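Below: the structure, in structure tokens.
The values are calculated or read from the model by the stated rules, or taken from the named source; none is laboratory data. Predicted model, so just to flag it, every value in this text is computed and none were measured. Using ideal geometry, Cβ is built from the backbone for each residue, glycine included, and neighbour counts are taken over all protein chains shown. Note: accessible area is taken over every heavy atom of the protein model, side chains too, but ligands, DNA and RNA are not part of it. Shrake-Rupley method; radii C 1.70, N 1.55, O 1.52, S 1.80 Å.
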Amino acid sequence: MYKKNDIIQLEISTLGSEGEGIGKIDGFPFFVRGAVPGDVIEAGVTKVRKNMAFARLIRIIMSSNDRVEPTCQYFGKCGGCQLMNMNYGAQLGYKEEKVKNDLIRIGGIDKDTVEKAAQAIMAAAETLHYRNKEQYPFGTDKDGNTICGFYAYHSHRIIDQTDCLLGNKENILILEKIKEWMKVSGVTAYDETTGRGLVRHVMIRKGNITNELMVCIVINSKKLKAAELLVDMLKDIEGMTSISYSSNTENTNVIMGESSNVIWGSDHIDTVIEGNDIQITYALSPLSFYQVNSKQTERLYSKALEYADLKGRETVWDLYCGIGTISLFLAAKAAKVYGVEIVPQAIENAKNNARNNNIENAEFICGAAEEILPAFYRKNGQSPDVVVVDPPRKGCDKICLDTIINAAPRRIVYVSCDPATLARDIKYLRENGYELKAYTPCDMFPNSYHVETVCLLSRKDPV
Ligand code: SAH
């Protein structure tokens, strides 16, 4: 039996669900962060459980052919990226395998069916600077200096850095200005342990094609002090369109507060999606969800549209619709689209987006899908032809799935950011009359372990 501090030699054979290297000795698996399949390494055991153990990479004895020098100097310390030490082809292979294995193991679908349904992953053209949004936590170092950056892996320890290579190039300048503002106006960073200090997070977003910039600072107070000075320091940055703050005085891991207040410029930025002869401009508020990789989003939604196979007569439900991104994309090809979303600001955005793009056949309803949907279906009675769902990581609520099953649409297009909950929900849908026809993973998050997937399910016996 192994114990803590044992030194082992290990050949890494595969990657775990969060991109950790896994190697086995006599069938017993060790999880080693930063190790790449094909590496032979020396590692120190850090924790032993009944069926697995964790170890720390000490030395690479023989390097994997897939190993590359990470572009970012913070790789390994920062928790943001996990795969930057692997060549891009190998990253894509890992993501394809992950989706496939989850569909087989968690979804209980036989290998043949999964392989027949699988389409190649949509690779990203840009693996750096692809993120249109970042949220930087703020804190104070042991010498009393304000720091900001990203959390270390599975912790709330801030790695001080303003130049994340995945983010917008303007982020550095904005963050440095905010730090300077804090210094001259005596504003302190929030401290999670004491609950004191003002600045918790800074969120920066940039619009696709428009290049409009939004800054929202999340504060531990109802009101932002020295707001005028902050505005003075930020407003002349090229592209600056919206500066706001959001109050969050709760002791919580949730980043944004419940509302936001504009202190300069507009309450939103515009972002554009182009694809399939459709161009739509979306207004985006600080609290609204928007996919972080604009270029890959266009491809993801084009795939969703292809799977929806609309001819122009259909009624479509778009559940978890955010600012109506997918809904409006589908509306051009459908008779009627209903979008359902829980965040009121996002629904406001969605309604305005429909109006601004002269789309008249999309209607948006605010509320939890699992609450709105059963009542909506009972009242309205009409079954949709196609249902699109794009839930957060925890997947669809069971009541929501049951309502969809009752409504019996011909097709379900499932867009997912977590293959495990996707597989769980597909299992349930397959047990209730649907079959998996096709799926395409999409690399929205190069250099991280995350993968997006779009799936087509269709009814076995159309009613
Ligand atoms: N389809 C959109 C948003 C997807 S993200 C897009 O592609 O941009 C998931 C969305 O689900 C978020 O906007 C979140 O606010 C919303 N959401 C979370 N829980 C929900 C629920 N129970 N009912 C409806 N919407 C929910």
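The slack between Thr140 and Glu42, meaning 0.36 nm per residue of separation minus the straight C-alpha distance, is 31.7 nm.
Between Ile237 and Asp160, what's the calculated FRET efficiency when r is the beta-carbon distance and R0 is 22 Å? Round to 0.05.
It comes to 0.50.
In plain terms, if you count all Cα to Cα distances in the chain and split them into 10 Å steps from zero, the share in each step is 4, 19, 26, 26, 18, 7, 1 percent.
Over 28 Å between C-alpha atoms is what I'm after, so list which of Lys47/Lys398; Lys95/Lys333; Lys133/Lys223; Lys98/Lys206 land there. Please list the in-between numbers first.
Working: Lys47/Lys398 36 Å; Lys95/Lys333 31 Å; Lys133/Lys223 24 Å; Lys98/Lys206 30 Å.
Result: Lys47/Lys398; Lys95/Lys333; Lys98/Lys206 exceed 28 Å.
Which residues in the stretch 148-164 place their backbone N less than 18 Å from a point set 7 Å from the Cα of Asp191 along the Cα-to-Cβ direction? Under 18 Å, as judged by backbone N against the label point of Asp191, lie 148, 156-159 of the stretch 148-164.
Return one whole number: the accessible area per residue of the chain in Å², for a 1.4 Å probe.
Numbers: 20790 Å² over 463 residues.
Using a 1.4 Å probe on heavy atoms only, each residue of the chain averages 45 Å².
What shape does the stretch 1-139 take by its C-alpha gyration tensor, where a ≥ b ≥ c are the square roots of the eigenvalues and a/c under 1.5 counts as rounded, a/b above b/c as prolate, and the rest as oblate? Before the final figure, lay out each step's value.
Numbers: a/c = 1.74, a/b = 1.14, b/c = 1.53.
The shape class here is oblate.
Over the stretch 133-271, what is the mean sequence separation of C-alpha contacts under 8 Å (at least six apart), divided by residue count, expressed as relative contact order in percent? Don't skip to the answer; put the middle values down first.
Values: 270 pairs, mean separation 27.1, N = 139.
Contact order relative to length: 19 percent.
Of Leu287, Leu230, which has the most accessible area with a 1.4 Å probe, and how do the rest follow in descending order?
On the way: Leu287 35, Leu230 0 Å².
If we order Leu287, Leu230 from most to least accessible, we get Leu287, Leu230.
Charged neighbours of Met444, selected by a Cβ distance under 15 Å, balance to 0 (K, R count +1; D, E count -1). Per-residue ellipticity at 222 nm from helix content only, as computed over the chain with -39500 (n - 2.57) for each DSSP H run of at least four residues, stands at -8000 deg cm²/dmol.
Across the accessible surface of the chain, with the other protein chains kept in place and a 1.4 Å probe, carbon and sulfur atoms take up 47 percent.
Do any GluC sites (Glu not before Pro) in the stretch 291-394 lie in a DSSP loop with no more than 14 other beta carbon atoms within 10 Å, and if so, which?
Answer in residue order: Glu360.
A simple spin-label model places the labels of Ala226 and Asn253 3.1 nm from each other, with each point 7 Å out along Cα-to-Cβ.
Let's see if you can work this out: charge +1 on each Lys and Arg Cβ, -1 on each Asp and Glu Cβ, no other charges. What is the dipole magnitude of the stretch 61-139 about its Cα centre, in debye to the nearest 20? Walk me through the numbers on the way to the answer.
Details: 10 positive and 10 negative charges, 40 e Å.
Using Cβ point charges on Lys, Arg, Asp and Glu, the stretch 61-139 gives about 200 debye.
Peptides 316-326, 397-407 ranked from most to least packed, by the mean per-residue count of other Cβ atoms within 10 Å: 316-326, 397-407.
In percent, how large is the relative contact order of the chain, given Cα pairs closer than 8 Å and 6 or more residues apart?
Values: 1044 pairs, mean separation 57.4, N = 463.
Normalised by residue count, the contact order of the chain is 12 percent.
A Förster radius of 22 Å, combined with the Cβ-Cβ distance separating Glu306 from Glu363, puts the computed FRET efficiency at roughly 0.40.
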